[in-house]
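Structure, as structure tokens:
The values are calculated or read from the model by the stated rules, or taken from the named source; none is laboratory data. On a predicted model such as this, the values are computed, not experimentally measured, just so you know. Heads up, the Cβs are rebuilt from the backbone with ideal geometry, glycines too, and the neighbour counts pull from every protein chain shown. Accessible surface areas use protein heavy atoms only, side chains included; no ligands, DNA or RNA. Shrake-Rupley method; radii C 1.70, N 1.55, O 1.52, S 1.80 Å.
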Amino acid sequence: MKVIDGKAMAEEIRNELKKEVEILKKEGKKVPHLAAVLVGNNPASETYVNAKVKACAEVGFGSSLIKLPETITESELLEKVKEINNNPEIDGYIVQLPLPSHINEQKVTMAISPKKDVDGFHPENLGRMVLNLPCFLPATPAGMVEMLRRSNIDTTGKHCVVVGRSHIVGSPISILMARNSNPGNCTVTITHSRTKNLEEYTKSADILMVAIGKPEFITAKHVKEGAVVIDVGIHRIEDASKKSGFRLVGDVKYDEVAPKCSYISPVPGGVGPMTIATLMSNTLSAVKISF
Ligand code: GUN
């Protein structure tokens, strides 16, 4: 069994990006600038956004953290989005989700300029992804594909089973894994909360991608011997033996599943750091983008 070290891989990507920034600087070209919009005080969102801003500093990108109050109205936020779309200093930006319940996330996502949509959530980017045209790929699925690529895992003709159908992870990763590209060329099955006899599907997976949002949901009985398992979940669960009072777990019960796998990504230190690294790659692309 090999552990896919997402943390080390993400560092490798950041080092590659750092070199590219040096070249841009030498050539007198614009250094990429990422902005992150954070509405309200959701602690998990604050942690994620801070990690994104920190990653910018590490690779030499400019960054702005735009903090807005929980009470902002939808039209005020849409106005802010318009302002960022027109700000030439900002090459790419994200609006961290979830947004407060009085704001329509879809409306906000659709107001982001597709050319600055480094999250790849805009329908234009998602449509381009389906058509295999140049676009920003959503960071988490793109990071998952990059993990397979950098681990030299052969995916052609394999059965990839995706658990979860979210717009951010499950749906896009199913499309990327079925595409005529490498990694890709898989036969893909999407499963979700309404799937009957889930185990029947997961047990036949050569590659199992889990993004169901339920702590330690996938156990040894769901996994075939020799499978590749990529775990997207991240949850805090109480643990009195830890100083912090909690520990982080994924959607996969790691200790019992790992011994059965040929490769597995851990939580923490798997998909999470790769998501941020991919967001940085997308931001570099944003300065070069021509679609
Ligand atoms: N919330 C959880 N994941 C993400 C992400 O990748 N991008 C944004 N904008 N919000 C998120």
| message | Going by Cα centres, segment 72-150 and segment 212-257 are how many Å apart? | response | 29
| the chain - Cys residues lacking any other Cys C-beta under 4.7 Å | Cys56, Cys135, Cys261
| remark: Ranked by GNM mean-square fluctuation in the chain (Cα springs under 10 Å), the top entry among His167, His222, His33 is His167
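Full-extension gain between Lys7 and Lys54, please, as 0.36 nm times their residue separation minus the C-alpha to C-alpha distance. Please report the intermediate quantities before stating the final value.
Working: separation 47, 0.36 × 47 = 16.92 nm, distance 1.45 nm.
Answer, rounded to one decimal: 15.5 nm.
Given a 1.4 Å probe and every protein chain left where it sits, what share in percent of the accessible area of the chain is carbon and sulfur?
Numbers: 7240 of 13960 Å².
The nonpolar share, carbon plus sulfur, comes to 52 percent.
Could you do me a favour and compute the accessible area per residue for the chain, 1.4 Å probe, result in Å²? Intermediate values should be presented prior to the final figure.
Numbers: 13960 Å² over 291 residues.
The answer is 48 Å² per residue.
Pairs Lys214/Lys260; Lys7/Lys115; Lys224/Lys253; Lys26/Lys115: which exceed 23 Å Cα-Cα?
Values: Lys214/Lys260 21 Å; Lys7/Lys115 28 Å; Lys224/Lys253 14 Å; Lys26/Lys115 25 Å.
The answer is Lys7/Lys115; Lys26/Lys115.
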| said: Can you tell me which aspartates and glutamates have their Cα less than 15 Å from the Cα of Lys18? Leave out same-chain residues fewer than eight positions away. | reply: Glu27, Glu58
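What is the gain in length, in nm to one decimal, between Asn185 and Thr219 on full extension, counting 0.36 nm per residue of separation less the C-alpha to C-alpha distance?
Numbers: separation 34, 0.36 × 34 = 12.24 nm, distance 2.66 nm.
Additional length available on full extension: 9.6 nm.
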| remark: The ³J(HN,Hα) series, computed from each phi in segment 115-130 with the Karplus coefficients 6.51, -1.76 and 1.60 at θ = phi - 60°, rounded to the nearest Hz and given as x for glycine or proline, is 6, 10, 7, 5, 7, x, 8, 5, x, 5, 5, 5, x, 5, 4, 4
| message | Quick check on segment 3-114: what does the Kirkwood estimate of hydrodynamic radius come out to from the alpha carbon pairs, in Å? | response | 15.4
| query | Volume per residue, Å³, of the convex hull around the alpha-carbon atoms of segment 199-291? | reply | 132
| In nm², what is the average projected area of the convex hull enclosing the Cα atoms of the chain? | 15.7
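What do the square roots of 5 times the Cα gyration tensor eigenvalues come to for segment 123-169, in whole Å, largest first, as semi-axes of the equivalent ellipsoid? Mind dumping the intermediate values first?
On the way: eigenvalues 81, 37, 25 Å².
Each semi-axis is √(5λ); the values are 20, 14, 11 Å.
Taking 22 Å as R0, compute the FRET efficiency from the Cβ-Cβ separation of Glu79 and Ser101 and round it to 0.05.
On the way: r = 20 Å, r/R0 = 0.90.
The computed FRET efficiency comes out at 0.65.
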